[in-house]
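Below: the structure, in structure tokens.
The values are calculated or read from the model by the stated rules, or taken from the named source; none is laboratory data. Fair warning: this is a prediction, and the values are worked out from it, not measured in the lab. Positions of Cβ are backbone-derived with ideal geometry, glycine not excepted, and every protein chain shown enters the neighbour counts.
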Amino acid sequence: MTVLITGGAGYIGSITTRLIRSTGRAVVVLDTLENGHKAAVGDAPFVQGDIADSQLVEQVCKEHGVDEVVHFAAYKAVGESMENPSKYFQNNVTGSQKLFEALQKCGVNRVVFSSTAAVYGTPTRVPVRESDTLNCESVYAETKLMIEKTLGWYSKVSSMKSVVLRYFNAAGATEDSTLGEDWRHSQNLIPHVMKATLGHAPTLKVFGDDFPTPDGTGVRDYIHVEDLARAHIAALDYLKASGESITCNVGTGFGTSVMQIIEATERVTGKKVPFEIVGRRAGDPAECYADASLIHHTFGWSPEKSLEDIIASAYAWHSSHPLGHDS
């Protein structure tokens, strides 16, 4: 059995690739290296290329005997997606559709797709359930939903089955501090907290302290990246056992505020986090965290790592890799 991992040189992709290999599965990584790092792939079989290159995808599937896919490859900067929508529709949506077409030609019928909680937009209630209203507020989110819908139709009209994983806020690094998130390319909170804590940025900008939350700052669901990687293995196992197509939230089931992240960082590292309060960003919901009961009941998956584990692993990684995988 070989797993094709698209975008496997990225943050979540590389950590999931390593964990999948540890289960005894063979892998092959396909990545353009536009935002990924070859070093993060280690000695895993690697092909540099684009998911939209159908001929290349078919060749990789045949040469490596691919029978299942984990699809990470996508652009994911929300702001950029609003300024350059065509880049996102072309790469994320058209690229994915070409990928699925090539997989069909090769008889590859099991796909695990990396989606996002951003498809919910500003949730009407928390915790967010998979059946709740979908309300994309960015081109990026819309592209992910369009790919979800594409897979939904493939599962209706062909033998392709898929697990769509809607991630909440992936964070942290591997336990051995060898793989983590490059803060130079990240818009996520925790890398920016670490940047300020370690003195590589003057202050952390906290976007709003007047939300209707206990301490006024935004509340999100932070899940350790290694727990998230385990969810992909559970999804592959589910599909291999002839599971039907399904969409699942991947989160912890509870929310943590920006101030709680700052306090936890100070507690774990023993350092002060310099921060300043600035205005809210347009479209930022006050609270967004998952109802993760479906993935727990379907796959038997639950997060194992705490907020302190996230902070400690991120601090260790960023301390030793200030320039990401180029350090």
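Quick notes
- Matching residues, region 130-142, being in contact with a Cys (Cβ under 9 Å, 6 or more places away or on another chain) and under 18 Å from residue 73 (Cβ atoms): 142
- Looking across region 301-327, the residues that are surrounded by 18 or more Cβ atoms within 10 Å (Cβ to Cβ) and aliphatic (A, V, I, L, M) come down to 307, 310, 311, 312, 314, 316.
- Residue within region 157-170 that is assigned to a helix (DSSP H, G or I), at pLDDT 95 or above and among the hydroxyl-bearing types (Ser, Thr, Tyr) present: no
- Selection of region 157-171 for residues being over 12 Å from the mean Cα position of the chain (by Cα) and either among the aliphatic types (A, V, I, L, M) or under 19 Å from residue 234 (Cβ atoms) (or both) yields 157, 160, 161, 162, 163.
- Among the residues of region 50-69, those that are farther than 16 Å from residue 2 by Cα and either aliphatic (A, V, I, L, M) or buried (at least 17 other Cβ atoms within 10 Å of the Cβ) (or both) comprise 50, 51, 52, 53, 56.
- Failed condition for residue 242, given (1) buried (at least 16 other Cβ atoms within 10 Å of the Cβ); (2) among the polar types (S, T, N, Q); (3) assigned by TED's automatic domain parsing to the domain that holds residue 136: (1)
- Meeting the requirement of 2 or more residues that are within 22 Å of the chain's Cα centre (by Cα) and under 30 Å from residue 38 (Cα atoms), the helices (runs of 4 or more DSSP H) wholly within region 237-324 are 307-320.
- Within region 124-160, the set of residues being basic (Lys, Arg) and in contact (Cβ under 8 Å) with a residue 60 or more places away in the chain comprises 129, 144.
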